[in-house]
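All remarks here apply to the structure that follows.
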Amino acid sequence: MTLTLHSAVSRFSGRTLWRIRAIVRRLAGAVLTVVVATFAVYAALAAAPGDPALALAGRNPTPERIAQLHQELGLDRPLVVRYFDWLSGLPRGDLGQSIVYRNSSVADLLGPRFGTTVFLVVYAAVLILLLGLLLGVLGGAFRRLNGPMAALTSVALAIPGFVAAPILVSALALGLGWFPAVGAGSGFTDQLWHLTLPALALAIGWCAWLAQITRTSLRAEKASEHVGTATGRGLPPVTVFRRHVLRNAAIPISTVYGLTVAGLLAGAAVVEQAFGIDGLGTLMLRSVSAKDYNVVLAVASLIIIAFVVTTQLVDALHTVLDPRLRTKGGRK
Amino acid sequence: MTAVTSTPVTASPPSRLRRWRKADPVLILSVLWCALAILVAVAAPLLAPYDPSQTDILAAAQGLSAQHWFGTDEVGRDIFTRVLYGARLSLLGPVLVVVIATAAGTALAIAAVWFGGWFDRLLTRVLDIAFAFPPLLLAVLSVVLFGPGLTAPVVALAVAYTPYIARVVRSAALRERHLPYIESCTLAGLSGPRICVRHILPNVLPLVRAQAVTSLGSSLLDLGAISFVGLGIQPPSAEWGLMVADGRTALLNGSPQESLAAGFMIIITVVAFNMLGERLAERAEVRA
Amino acid sequence: MNSRPNPPGADPLVRVSHLRLDIPVRGEPRRVLHDVSFEVGAGVALGLVGESGSGKSMTTRVLMRLLPHGAATDGDVLFDGTPVTGMDRRALRRYRSSEVAMVYQDPRAAINPVYTVGAFLTEALREQKVSRKEAEERAVALLREVGITDAPRRMRQYPHQLSGGLLQRVMIASAMLTKPRLLIADEPTTALDVTTQEEVMAILDEQRRERGLALVFITHDLDLAAAVTDRIAVMYAGTVLETAASANLHETALHPYTVGLLASRPSTVDVKRLWAIPGRPVSAFEAGPGCVFTERCPFAQDRCRAERPALRTVDDHQVACHRAEELRGRITYEADGHADHQHDEQTESV
């Protein structure tokens, strides 16, 4: 009795320990990715030609003035030190100063635009999930719809946001007048109305990708042997589809959806530009031409962090969906 | 036994014949479109009715007509001409990106598989980090370093695509590496690079080809987006992504032809590349 | 058990006659089964024996009506007098859920990896409105019957945590759970470790006999089939070539293919006897108009190449060979590769 209890306890703690270790290792990997990637961004921006001090110093600056500005901007210290300085400011929300708008901090510039962009991205993510799954499930569940859905998604996959934008604007905004052609709106319903076309434009290609993956993985799953077992046991087709096809296909579907959402923030920049929306993406693009690199750095880091966090969430979701990933020695 | 065989077992000749007879229309259309696009890009000066940069204020923002098939833009340039000329830069960019990324990705992947160990682990780790950079972000950094134009986005996308190609090739090469014949090559005294080039590479090549063609499509999209936001090719050059952006003012004034003409060229060309890539991938799979 | 074939007149549990099956391969129908006929009486075990590709697995798929889309069948498949191919949805579901059960070759592929063993076992019962508690109790009891000692713990585990042998026992338990009348086992031990094969086979055999289930047992191993079945049907290229009582097939085999199959078994006693039928097995769709075995048959004559022999009764066998009576007891294969050819000439000169 005591013996079995003991072995049960040790087995339990062994598994928990393994799990904790796996989580820690994964988080460490994520943090490392963020640090290396943001440092790469930092280094690239620091290596950019042109001296920001020269831009600030006005006409005919004296060397003393330049040196003073270098010191003010911290440019006289080594790159790695400056990077870790910047990194240590992150938890406090200190993203540095804008060089172009001298009296506003980067955080001040990001703040109001953050909401608009997040609204757009979340809106698009919801559309992708709903439409992509709907089209994918239709094509995957009904044999007759497989061909048409494959054709539809192949075309939609080739429609980038910046091409979808003029098509949607000329058809639904200028043609039918259902939606505004530019701007982001204010207040929830107004924003919803303004951002519908941008969200559609942003969603369309990703939607097609998700639909394609959903359709093909449903079909692959349907052909698998365990689905034959379930059918052979006389389960009703709807139950077989829900419990054995859809449930198993959820694993690849969630992977692709996660990658989609992870890349959405970067894609949003293009769509913001196309619809004249003042968001994080347009701010970044403007700051590139204005050489306001602290702003570029902040938005770029945000994009990277969003990517890493999303992929980590998907990994976590996977261990929920796939029991084989939950235990040691399971399939990798 | 051979003498008494009354019904010869013929399997391959008729199936091959059948494949040709009911050739895939989508594939044929895709190949034709790709060929046409390349032809247009090469022979644009011969085919185009106007000079792509010739402005004509009197004929600005016209609709579709016999003189101007796709109408004219805000400064009176012929849109059809610019669409034809646009094929040059619009296709050159993706080709450059894919050539660089495919070469780099394949070489890295095969080297990683051959050497294994720390080199393979390091590469996998670096690829993981590289995946965190969306193409547009790399383009932004590249433009910061090299300035806008064709070079910066091409470099950025080559860097962005290398990990994807490397990952696909790596797993295929890994399978190949562990096949018994590679070991017999080693035992026969062939050198490592020779085995990689003469034996592993040819076997992963169909997959590389499929991946490259598909990447042509996505790099056309990404390069278009980069031009569209103003980080790539600069006006007054003709390039499809740039033309979509150029047409925005006219679009809001009710004449969307420039944006739409360039946009549809992008869509159709990408569909053609993707279809071609898909079929090549299917064949590569059948082989493997 | 009853080792005689069913008395004439009484309906057997399963009757398959002149079954033909076409399956689309890249849009073109491809013949998989030519002419499959056999019967299985209630409580009787039939072995379907043949090389891979002979159509034995496909035959079981027809019995379960688990066929790919676009498959076309011809001929009769009767279960208890009802045509399986003609059942409507409701009847088919009832048939699958309570009359027939199948044990698959590879339990790891046949059991959904994302659910626990308990969920897998109780799923079918729960569908029949059995309460969760009762379903679980029955599942645990059955797991114990198939020799799984720590059944409650196994119920909570996932398939990947069980060995292949254990998983196949789970599969057997699940087949017994709904109390079917017919059990189909498709090479149930080939995917398992050699060490557990015998155990699993013994459990399957024991469970079937205890419950008096009819069994259709697919294997390529004639000796194994002879050990656990009452009758054996030998299949080749989508056709049943011979059926006979398992007990005396070894001595009385009539068809040249059956004899060849018996001769090519590896023998632990005499290493020199290892022999293979010359040529490669043909698929059903490659067969000519004559007997499907002509190309490899040392006794083939013009008639064999021109006319396909029907399955007919010779002695107490069913055999599809034109020369069955003539060759009876005279077919011998020898280890020497040339022997069959000489033999051919000899018999042709008779």
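Which residues, counting only those in segment B:13-63, are buried (at least 16 other Cβ atoms within 10 Å of the Cβ), modelled with pLDDT of 80 or more and not aliphatic (A, V, I, L, M)? Hits for segment B:13-63 are B:S30, B:W33, B:C34, B:Y50, B:P52.
Might you check whether a residue that is without any contact (Cβ under 8 Å) to a residue 12 or more places away in the chain, among the β-branched types (V, I, T) and outside any strand (DSSP E or B) occurs anywhere in segment A:106-125? Full working, then the answer.
Narrowing segment A:106-125 to residues without any contact (Cβ under 8 Å) to a residue 12 or more places away in the chain: A:108, A:111-112, A:115, A:118, A:122.
Imposing the further condition that a residue be among the β-branched types (V, I, T) reduces the set to A:118, A:122.
Still in the running and outside any strand (DSSP E or B): A:118, A:122.
Looking for residues that are without any contact (Cβ under 8 Å) to a residue 12 or more places away in the chain, among the β-branched types (V, I, T) and outside any strand (DSSP E or B), one finds at least one in segment A:106-125, hence yes.
Here C:L222 fulfils each of the conditions (1) more than 14 Å from every other protein chain (Cβ to nearest Cβ); (2) at pLDDT below 90; (3) within 16 Å of the chain's Cα centre (by Cα); (4) closer than 28 Å to C:V114 by Cα apart from (4). Among the residues here, B:S255 does not qualify as closer than 22 Å to A:A181 by Cα, facing chain A (nearest Cβ under 10 Å), of a type outside the set (K, R) and touching a Lys or Arg at 6+ places or on another chain (Cβ under 7 Å).
Quick one: would you say A:F179 is in contact with a Leu (Cβ under 6 Å, 6 or more places away or on another chain) and at pLDDT below 90? Break it down into steps so the answer makes sense when it comes.
Working: in contact with a Leu (Cβ under 6 Å, 6 or more places away or on another chain): yes; at pLDDT below 90: yes.
Here the answer is yes, as A:F179 does meet what is asked.
Checking the condition surrounded by 24 or more Cβ atoms within 10 Å (Cβ to Cβ) and either more than 20 Å from the chain's Cα centre (by Cα) or not acidic (D, E) (or both), which residue from C:T252, C:T313, C:T229 passes? Talk me through it step by step, then tell me what you get.
Working: C:T252 fails: surrounded by 24 or more Cβ atoms within 10 Å (Cβ to Cβ); C:T313 fails: surrounded by 24 or more Cβ atoms within 10 Å (Cβ to Cβ).
Matching residue, one of C:T252, C:T313, C:T229: C:T229.
When C:V49, C:V62 are checked against the criterion of being more than 14 Å from every other protein chain (Cβ to nearest Cβ), closer than 18 Å to C:M235 by Cβ and touching a residue at least 24 places away in the same chain (Cβ under 8 Å), C:V49 stands alone in meeting it. The numbered conditions (1) touching a strand residue (DSSP E or B) at 6+ places or on another chain (Cβ under 6 Å); (2) within 9 Å of chain A (Cβ to nearest Cβ) are all true for C:R96 except (1).
Say whether the condition of being in contact with a Ser or Thr (Cβ under 6 Å, 6 or more places away or on another chain) and more than 14 Å from chain A (Cβ to nearest Cβ) is met by at least one residue in segment B:142-160. Step through it out loud before you land on a result.
Of segment B:142-160, the ones in contact with a Ser or Thr (Cβ under 6 Å, 6 or more places away or on another chain) are B:152, B:155-157.
Add one more test, that the residue is more than 14 Å from chain A (Cβ to nearest Cβ), and what stays is none.
Within segment B:142-160 (the criterion being in contact with a Ser or Thr (Cβ under 6 Å, 6 or more places away or on another chain) and more than 14 Å from chain A (Cβ to nearest Cβ)), the answer is no, since none of the residues qualifies.
Counting only residues that are crowded, with 22+ Cβ neighbours inside 10 Å and within 12 Å of chain B (Cβ to nearest Cβ), segment A:137-155 holds 1 of them. Against the list (1) more than 27 Å from C:Y257 (Cβ to Cβ); (2) surrounded by fewer than 21 Cβ atoms within 10 Å (Cβ to Cβ), the condition C:R96 fails is (2). Entry remark, segment A:154-179: residues being of a type in the set (S, T, N, Q) and over 15 Å from B:L221 (Cβ atoms) number 1 in total.
Here C:D302 meets each of (1) out of contact with any Asp or Glu (no Cβ under 9 Å at 6 or more places or on another chain); (2) facing chain B (nearest Cβ under 8 Å) with one exception, condition (2). Those strands (runs of 3 or more DSSP E) of segment C:138-253 in which 1 or more residues are among the polar types (S, T, N, Q) occupy C:214-219, C:239-245.
Taking the options A:V238, A:V309, A:V271, name whichever one is in a helix (DSSP H, G or I) and either facing another protein chain (nearest Cβ under 10 Å) or in contact with an Asp or Glu (Cβ under 6 Å, 6 or more places away or on another chain) (or both).
Numbers: A:V238 fails: either facing another protein chain (nearest Cβ under 10 Å) or in contact with an Asp or Glu (Cβ under 6 Å, 6 or more places away or on another chain) (or both); A:V309 fails: either facing another protein chain (nearest Cβ under 10 Å) or in contact with an Asp or Glu (Cβ under 6 Å, 6 or more places away or on another chain) (or both).
Only one candidate passes the filter, namely A:V271.
Among the residues examined, A:L317 qualifies as surrounded by fewer than 18 Cβ atoms within 10 Å (Cβ to Cβ), within 14 Å of chain C (Cβ to nearest Cβ) and touching a residue at least 40 places away in the same chain (Cβ under 8 Å). Close Cβ contacts (under 6 Å, 6 or more residues apart or on different chains) running from residues in segment B:183-201 that are within 24 Å of B:V168 (Cβ to Cβ) to residues that are of a type in the set (D, E) and at pLDDT 80 or above comprise B:I200/B:E176. Do we have A:T231 as within 14 Å of another protein chain (Cβ to nearest Cβ), β-branched (V, I, T) and closer than 30 Å to C:R61 by Cα here? So A:T231 fits the description; yes.
On the stretch given as segment C:99-112, residues that are assigned to a helix (DSSP H, G or I), surrounded by 24 or more Cβ atoms within 10 Å (Cβ to Cβ) and more than 7 Å from chain A (Cβ to nearest Cβ) total 1.
Between A:T282, A:T260, A:T255, which is in a helix (DSSP H, G or I), farther than 30 Å from A:V182 by Cβ and away from chain C (no Cβ under 14 Å)? Walk me through it before giving the result.
Numbers: A:T282 fails: farther than 30 Å from A:V182 by Cβ; A:T260 fails: farther than 30 Å from A:V182 by Cβ.
Just one listed residue meets the conditions, A:T255.
Which residues, counting only those in segment C:263-306, are assigned to a helix (DSSP H, G or I), surrounded by 12 or more Cβ atoms within 10 Å (Cβ to Cβ) and modelled with pLDDT under 80? Passing the criteria: only C:R273. Restricted to segment B:234-270, and to residues that are surrounded by 24 or more Cβ atoms within 10 Å (Cβ to Cβ) and hydroxyl-bearing (S, T, Y), which residue is nearest to the chain's Cα centre (by Cα)? That would be B:T269.
Restricting attention to segment B:212-249, the residues that are at the interface with chain A (Cβ under 9 Å from one of its Cβ atoms), at negative phi and in a loop (DSSP other than H, G, I, E, B) add up to 3. Take the conditions (1) more than 14 Å from chain A (Cβ to nearest Cβ); (2) at pLDDT below 90; (3) over 25 Å from C:D230 (Cβ atoms); C:L125 misses just one of them, which is (1). Evaluate the following for B:S184: is it more than 20 Å from B:T106 (Cβ to Cβ) and more than 14 Å from chain A (Cβ to nearest Cβ)? Yes; evaluated as a whole, the condition is true for this residue.
Scanning segment C:19-72 for residues that are within 18 Å of C:A287 (Cβ to Cβ) and of a type in the set (V, I, T) returns C:I23, C:V25, C:V32, C:V36, C:T59.
If you go through segment A:285-300 and keep only what is outside any helix (DSSP H, G or I) and either of a type in the set (D, E, K, R) or within 18 Å of the chain's Cα centre (by Cα) (or both), you end up with A:K291, A:D292.
So how many residues does segment C:131-144 have that are surrounded by 17 or more Cβ atoms within 10 Å (Cβ to Cβ) and either of a type in the set (G, A, S) or out of contact with any Ser or Thr (no Cβ under 7 Å at 6 or more places or on another chain) (or both)?
Restricting attention to segment C:131-144, the residues satisfying the condition of being surrounded by 17 or more Cβ atoms within 10 Å (Cβ to Cβ) are C:135-136, C:138-140, C:142-143.
Pick out the ones that are also either of a type in the set (G, A, S) or out of contact with any Ser or Thr (no Cβ under 7 Å at 6 or more places or on another chain) (or both) and you get C:135, C:138-140, C:142-143.
The qualifying residues number 6.
If we scan segment B:136-159, do we find a residue that is farther than 15 Å from B:G230 by Cα and polar (S, T, N, Q)? No, there is no match, as no residue in segment B:136-159 is farther than 15 Å from B:G230 by Cα and polar (S, T, N, Q). Restricting the first member to segment A:287-313 and to residues that are at pLDDT below 90, and the second to residues that are of a type in the set (S, T, N, Q) and assigned to a helix (DSSP H, G or I), the beta-carbon pairs closer than 8 Å and six or more apart or on different chains are A:Y293/A:S287. On the basis of being more than 20 Å from the chain's Cα centre (by Cα), modelled with pLDDT of 90 or more and closer than 28 Å to A:I251 by Cα, does C:Y115 make the cut? Yes: the conditions hold for C:Y115.
The values are calculated or read from the model by the stated rules, or taken from the named source; none is laboratory data. Predicted, not measured: the structure shown is a model, and the values here were computed from it. Backbone-built Cβ (ideal geometry, glycine too); neighbour counts: all protein chains shown.
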